[in-house]
Amino acid sequence: MSESSLPATRDAGGALRWFRYVYRVPLLLLHVLLGLPVTMLCICVPALARIRVGRHDTLAYLMIRWWQGLLMRIFGFRLRRFGTPLAGATVFVANHVSWVDISVLHSQRVMGFVAKREIAGWPLVGWLAARGQTIFHQRGSTESLGGVLQEMLARLRSGKSVGVFPEGRTRGGAEVGPFHARIFQAAVEAGVPVQPVALRYGERGSMQTVVAFGPHESFFANLVRMLGEPARLAEVHFLEPIAVSDVEGRRRIAETSRARIVAAMDS
């Protein structure tokens, strides 16, 4: 996606922004103070968590998707899904725009994410991430990455799914960066499919740079800004999966995943 196709039209302020705060802040507080305890109860109590809901779901997973989906609605995102996420052990790989990506993906399919260790210290989000099967990675540490790959492999072999952002960091939303190939090693060793996922914000991805972190913008500043932004579309495109047996090597899998995501972003 070209940078020129992504106009940075942040809502700078005014009466409408404050009006959004007036009704969204109370909704967010209610969602955290009332909805979160109920969700955590359904996740943490084994007898409740294991209740089957439909063919491939449990009450725990249903509640996680409900909580994250409603959270995105409170922030003004209108979610739209294309394609179907694979059931069973899968490595989901997506382009990385903002912290919003995790909530949007979790609203559609529960997965344990690989995320930077700094997230563990973020208010509320870090606490939720730790209890949402997040695998924390210390950027730049080869030892940490080795531990991450081993944890990914263990989870995949146990039938659980993992979500990763192979770019390794956010890039302002204007482009999809190169994918690091090593993170795909766990999928190769576990023999599970890789499903690329394209995340687009706004019509045809026009709001990528608005949703993304601004220069030197902290997580809290971004969260507050997004809470006052106008409502916008959030598209989740679950793309054609890649069978690791059909593609030679993790680098080729990384290139194929990125190519499919870029094609979806430009469509």
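Just so you know, all these numbers are worked out from the coordinates, no wet-lab data involved. All values reported here derive from a predicted model rather than from experimental measurement. Heads up, the Cβs are rebuilt from the backbone with ideal geometry, glycines too, and the neighbour counts pull from every protein chain shown.
Laid out as a table, the results:
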item: Projected-area average for the stretch 172-223 over all orientations - Cα convex hull basis, square nanometres; result: 5.2
item: Fraction of antiparallel bridges per DSSP, the chain only, in percent to nearest 5; result: 30
item: Whole-Hz ³J(HN,Hα) from phi, Karplus 6.51 cos²θ - 1.76 cosθ + 1.60, for the stretch 168-173, glycine and proline x; result: x, 6, 7, 10, x, x
item: Karplus-derived HN-Hα couplings along the stretch 205-220 (A = 6.51, B = -1.76, C = 1.60, θ = phi - 60°), whole Hz, x at Gly and Pro; result: x, 6, 10, 4, 6, 6, 6, 5, 5, x, x, 6, 7, 7, 4, 5
item: J(HN,Hα) series, the stretch 25-37, from Karplus relation 6.51 cos²θ - 1.76 cosθ + 1.60, nearest Hz, glycine and proline x; result: 4, x, 5, 5, 4, 5, 5, 6, 7, 10, x, 5, x
item: Amide H partners (placed H, <5 Å) of residue 116, local residues excluded; result: 137
item: For residue 95, residues with placed amide H under 5 Å, excluding near neighbours; result: 197, 199
item: Gyration tensor (alpha-carbon) shape descriptor, the stretch 220-267, a/c threshold 1.5; result: prolate
item: Most fluctuating residue given options 246, 101, 57, as computed from a GNM of the chain linking Cα atoms under 10 Å; result: 246
item: 5 angstrom amide H check on residue 213, placed H, neighbours 5+ away; result: 172
item: Cα gyration tensor shape for the stretch 23-131, rounded if a/c is under 1.5, else prolate or oblate; result: rounded
item: Sites residue 266 and residue 47, calculated FRET efficiency, Cβ-Cβ separation with R0 45 Å, nearest 0.05; result: 0.40
item: Inter-site label distance for residue 87 and residue 19 at 7 Å from Cα along Cβ, in nm; result: 4.5
item: In nm, spacing of pseudo-spin labels at residue 80 and residue 118 (7 Å Cα→C-beta vector); result: 3.3
item: Gain in span if fully extended, residue 217 to residue 57, counting 0.36 nm per residue against the direct Cα distance; result: 53.9 nm
item: Kirkwood Rh, Cα atoms: Rg over Rh of the chain; result: 0.95
item: P(r) tail fraction, the stretch 142-267 - alpha-carbon pairs more than 17 Å apart, %; result: 63
